[in-house]
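The values are calculated or read from the model by the stated rules, or taken from the named source; none is laboratory data. What you see is a predicted model, and the numbers here were worked out from it, not measured in a lab. Note: ideal-geometry Cβ built from the backbone for every residue, glycine included; neighbour counts use all protein chains shown.
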Amino acid sequence: MSGRGVDKLYMKRDRYRTIIIGAGVAGANIAYNLSQMGEDILVVSDGNIASSAAGAFVSPKIGKSSPLKSLTDRAFEFAREFYISTFHKYYHQTQMIRLPKDMADSDKFKIYREANSSKFRDITPKELREININSPYSGFIFDDGGVCDSDICDELLNGIKVVNLEVREIIRVDELWQVGEYLANNLILATGYRDNLFDMAYMGIGATYGCRGDFKSTLNIPISLHKNVSISKNFDGIIKIGATHKDESINLMIEKASHLIDGSKIELISTYCGNRAGSRDYFPLVGRVVDTQYMLDNYPNLKKGTKHPLKYIDNLFIINGLGARGFVLAPLMAKYLSDYMINNIELPKEINPDRLFFKWCRRLTP
Ligand SMILES: Cc1cc2nc3c(=O)[nH]c(=O)nc-3n(C[C@H](O)[C@H](O)[C@H](O)COP(=O)(O)OP(=O)(O)OC[C@H]3O[C@@H](n4cnc5c(N)ncnc54)[C@H](O)[C@@H]3O)c2cc1C
């Protein structure tokens with residue numbers, strides 16, 4: 001489109017530097033970062049937000065040393081600092097207990113302890129009983145865990161324009177993105193498990209269902225804990241319990257929780273459910289979006305494993321694939337993306353979705 005038609009279009013429509021689709025923890029954090037850097041932002045969301053279902057536990061990852069663990073540890077430290085320094089009203093440091101699922105897992109804890117990067121000590125079944133937690137196995141107790149209030153996303157978006165709209169179509173007009181009646185130079189997809197606005201099959205975004213319940217309780221649980229469910233400290237008579245696994249349901253979650261705490265002393269008062277989004281290789285997806293159609297049309301031998309320079313969709317970015325750790329990963333991932341967009345600072349390779357493109361091409365039938 002060009003000429004007078006475009007002038008009229010611009011006059012009628014609100015124009016921004018960047019539109020972000022999604023107001024979950026990913027969208028809220030990137031919006032916060034970019035607006036702190038002076039960018040003119042619009043956030044568009046239809047309110048179907050997994051982040052508001054989350055228990056929003058912020059805890060260190062346990063496991064063997066691995067690139068994913070290093071990234072998560074870095075993100076955990078960053079998130080903790082960020083929440084304490086900037087959003088302390090919405091973040092509660094609670095300490096965090098990690099418990100083995102079974103005997104085999106308990107053996108693995110001996111290996112995991114070497115890789116724990118946050119300050120911790122062991123906690124025995126006897127000590128656990130004293131704080132109303134049942135476990136036949138010892139676990140780790142970390143000093144630095146915490147829990148966010150679910151309305152932290154609203155607070156991150158405070159002062160930023162947010163529009164309630166389900167985006168069904170995005171149009172490219174004269175080097176601008178048009179979303180509904182809004183125009184922008186840049187578009188960021190922070191859409192969680194819904195990946196239908198562009199062809200992003202190579203990223204392998206998938207959904208895992210989960211539930212959280214808020215329970216009225218007089219049980220004195222002074223420390224939050226994770227096993228196959230997450231149970232929060234008792235805050236003013238409320239305990240949050242959450243889990244996201246395949247086939248999770250509120251009843252299954254309550255049954256699992258009842259092995260850990262006295263199930264007769266918790267009364268369900270509200271339930272929240274949602275789908276969290278993960279990537280093919282469990283690492284976050286932060287960066288630009290490859291123009292899949294262009295690449296396949298122009299380089300058919302990609303399917304045979306040949307590599308070519310990537311062509312991206314202009315001014316389109318993504319922040320997604322935060323898995324079960326959105327509240328841990330989002331602050332650092334948003335910093336990486338805003339530094340990349342504004343200051344041209346290279347993205348860490350392990351979060352850049354480019355890593356998945358050529359592998360995905362090889363799996364296509366030639
Ligand atoms: C039950 C449960 C418990 C969890 N517990 C924890 C926890 O304790 N700690 C933790 O760190 N993480 C937890 N998670 C994971 C965490 O919730 C996710 O990592 C996080 O929600 C990912 O955030 P997101 O912003 O990427 O996606 P979402 O929160 O799903 O947000 C996606 C956004 O995109 C918008 N959107 C999508 N498509 C469109 C469209 N076409 N038009 C308009 N808007 C659109 C939606 O409205 C929404 O605003 C839990 C998840 C669940 C389900």
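Odds and ends about this structure:
- GLY204 modelled with pLDDT of 95 or more and under 18 Å from the mean Cα position of the chain (by Cα): yes
- When ASN29 is tested against (1) buried (at least 24 other Cβ atoms within 10 Å of the Cβ); (2) over 12 Å from the mean Cα position of the chain (by Cα); (3) assigned by TED's automatic domain parsing to the domain that holds ASN320, only condition (2) is not met.
- Neighbours by Cβ (under 7 Å, 6+ apart or cross-chain): first from the range 40-51, within 16 Å of ILE319 (Cα to Cα); second of a type in the set (S, T, N, Q): ILE41/THR18; ILE41/SER35; SER45/ASN164; ALA50/ASN275
- Filtered by the rule that a residue be among the hydrophobic types (A, V, I, L, M, F, W, C), at pLDDT 95 or above and not in a helix (DSSP H, G or I), the range 307-366 gives LEU310, ILE313, LEU316, PHE317, ILE318, ILE319, LEU322, ILE345, LEU347.
- Screening PRO222 against (1) surrounded by fewer than 22 Cβ atoms within 10 Å (Cβ to Cβ); (2) touching a residue at least 40 places away in the same chain (Cβ under 8 Å); (3) touching a strand residue (DSSP E or B) at 6+ places or on another chain (Cβ under 8 Å) leaves a single unmet condition, (3).
- Scanning the range 41-57 for residues that are modelled with pLDDT of 95 or more and either of a type in the set (S, T, N, Q) or over 19 Å from LEU165 (Cα atoms) (or both) yields one hit, SER45.
- One residue stands out among those in the range 225-256 that are in contact with a helix residue (DSSP H, G or I) (Cβ under 7 Å, 6 or more places away or on another chain) and not β-branched (Val, Ile, Thr): the one that is surrounded by the fewest Cβ atoms within 10 Å (Cβ to Cβ), which is ASN228.
- Within the range 27-70, the set of residues being within 15 Å of the ligand (Cβ to nearest atom) and charged (D, E, K, R) comprises ASP46, LYS61.
- Within the range 233-270, the set of residues being farther than 23 Å from MET96 by Cα, in a strand (DSSP E or B) and polar (S, T, N, Q) comprises SER270 only.
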